[in-house]
Amino acid sequence: MQLKFDWLIVLENLHRGIMVTDVSLEGPAGPRIIYVNRAWMKITGYDRADIAGKTPRILQGKHTDRNLLRALGDKLLNREVFHGQTWNYRKSGQPFMMNWYCYAIYGDHGKAIYYVAEQEDATELETLRMKQRLLLNPLDPDVNKFFAVLAEYKSARKQAR
Ligand SMILES: Cc1cc2nc3c(=O)[nH]c(=O)nc-3n(C[C@H](O)[C@H](O)[C@H](O)COP(=O)(O)O)c2cc1C
């Protein structure tokens, strides 16, 4: 018996966020988002109408690590897999630690036809890790910066109320 395989149902129900873009890395108009799954919308708070014609830069803000983004571009152009994490922002403006793998999907002739990202919200895990680091060294600058980003958002929300 042949099993009917519905790949869209599988993509839509993966626990990781999935984002697919075109391969136009150069210029502000690219890479343009082609598809996001439901887990991605749950992480970011954006729905499909919000991201029509947009690039993943909609997730970026003040504390996004520009060096990491350069590393991402280099990896993709070298046909390598990128893995990294940085601060991104939900539709509400709330910062979260985006952890993602990104790589190209190649067509029959070895040409990149899509970029794909597998993404997750690592804020909770990172908070635990940072709390452990804080116990070892209360002056750890990375740890203090991490908690400062979260505190900044909390206090901005308080003021807005
Ligand atoms: C498939 C894919 C997914 C991406 N996802 C993210 C993301 O989740 N967060 C982010 O900050 N940048 C993400 N980017 C990176 C930006 O789209 C962009 O490539 C990056 O900001 C570098 O370009 P720029 O220096 O012109 O801004 C992603 C890129 C691709 C190709």
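On a 0 to 90° scale, report how tilted helix 66-77 is relative to the longest principal axis of the chain, with both axes built from alpha carbons and the result rounded to the nearest 10.
It is inclined by approximately 20 degrees.
Quick one: Karplus J couplings for the range 79-95, per residue in order, coefficients 6.51, -1.76, 1.60, θ = phi - 60°, nearest Hz, x for Gly and Pro?
Calculated HN-Hα couplings, in order: 6, 10, 8, 9, 9, x, 9, 7, 5, 10, 10, 6, 4, 6, x, 6, x Hz.
When the label point is put 7 Å from the Cα of A148 along its Cα-to-beta-carbon vector, which residues of the range 51-91 have a backbone N closer than 19 Å?
61-68, 86-89
To make sure I understand, if each residue's beta carbon is the centre and we count other beta carbons within 10 Å, what order do W100, W40, W7 fall in, fewest to most? Please list the in-between numbers first.
Working: W100 20, W40 23, W7 7.
Ranking W100, W40, W7 by Cβ neighbours within 10 Å, fewest first, gives W7, W100, W40.
Order of H63, H109 from fewest to most other C-beta atoms within 10 Å?
On the way: H63 16, H109 6.
Ascending Cβ contact count within 10 Å gives the list H109, H63.
Going by how many other beta carbons lie within 10 Å of each one, how would you line up F82, F146, fewest first?
Sorted ascending by nearby Cβ count, the order is F82, F146.
Roughly what would the spin-label model give for H109 and A49, points 7 Å off Cα along C-beta, in nm?
According to this spin-label approximation, the distance is 4.0 nm.
Holding the Cα-Cα limit at 31 Å, pick out from K54/K145; K4/K42; K42/K158; K131/K158; K62/K111 the pairs that are longer than that. It would help to have the intermediate numbers written out before the result.
Details: K54/K145 29 Å; K4/K42 28 Å; K42/K158 24 Å; K131/K158 24 Å; K62/K111 34 Å.
Result: K62/K111 exceed 31 Å.
Pick from P31, P138, P56 the residue whose mean-square fluctuation is largest in a GNM of the chain, springs joining Cα atoms under 10 Å.
Of the options given, P138 has the highest mean-square fluctuation.
Once phi is turned into θ = phi - 60°, what whole-Hz ³J(HN,Hα) does the Karplus curve with 6.51, -1.76 and 1.60 give for every residue of the range 101-116, x standing for Gly and Pro?
Karplus values, whole Hz, x for Gly and Pro: 9, 9, 7, 8, 9, 9, x, 4, 9, x, 8, 5, 10, 9, 10, 10.
Rounded if a/c is under 1.5, else prolate if a/b is larger than b/c, else oblate: which is the range 1-48, with a ≥ b ≥ c the root eigenvalues of its Cα gyration tensor? Before the final figure, lay out the partial values.
Working: a/c = 3.85, a/b = 1.70, b/c = 2.27.
Cα axes put the range 1-48 in the oblate bin.
What number comes out for the charge environment of Y103, summing +1 per Lys or Arg and -1 per Asp or Glu over other residues with Cβ under 11 Å away?
Around Y103, the surrounding residues sum to 0.
Where does helix 123-136 land angle-wise versus the long Cα axis of the chain, in degrees 0 to 90, nearest 10?
Helix 123-136 and the main axis of the chain meet at about 40 degrees.
Of the residues L134, L72, L11, which exhibits the maximal mean-square fluctuation in a Gaussian network model of the chain defined by a 10 Å Cα contact cut-off?
It is L134.
Fully extended, how many nm does the chain gain between Y101 and L135 (0.36 nm per residue separation, minus their Cα-Cα distance)?
On the way: separation 34, 0.36 × 34 = 12.24 nm, distance 2.98 nm.
Length gained between Y101 and L135: 9.3 nm.
Work out Dmax and Rg for the range 92-146 from the C-alpha atoms and quote the Rg first, both in angstrom.
17.4, 53
Counting pairwise Cα distances across the chain, what percent come out greater than 20 angstrom?
Numbers: 7307 of 12880 pairs.
That fraction is 57 percent.
Along the Cα-to-C-beta direction of K91, a point sits 7 Å from the Cα; which residues of the range 20-35 have their amide N less than 20 Å from that point?
20-21, 32-35
Please state the relative contact order of the range 5-161 as a whole percent: Cα pairs under 8 Å, 6+ residues apart?
On the way: 238 pairs, mean separation 30.3, N = 157.
In percent, rounded to a whole number, it is 19.
None of the figures in this text is laboratory data; all of them are computed from the coordinates on show. Please read these numbers as outputs of a predicted model, since none were measured by experiment. Because the Cβ atoms are built from the backbone with ideal geometry, glycine has one as well, and the counts that use them run over all protein chains shown.
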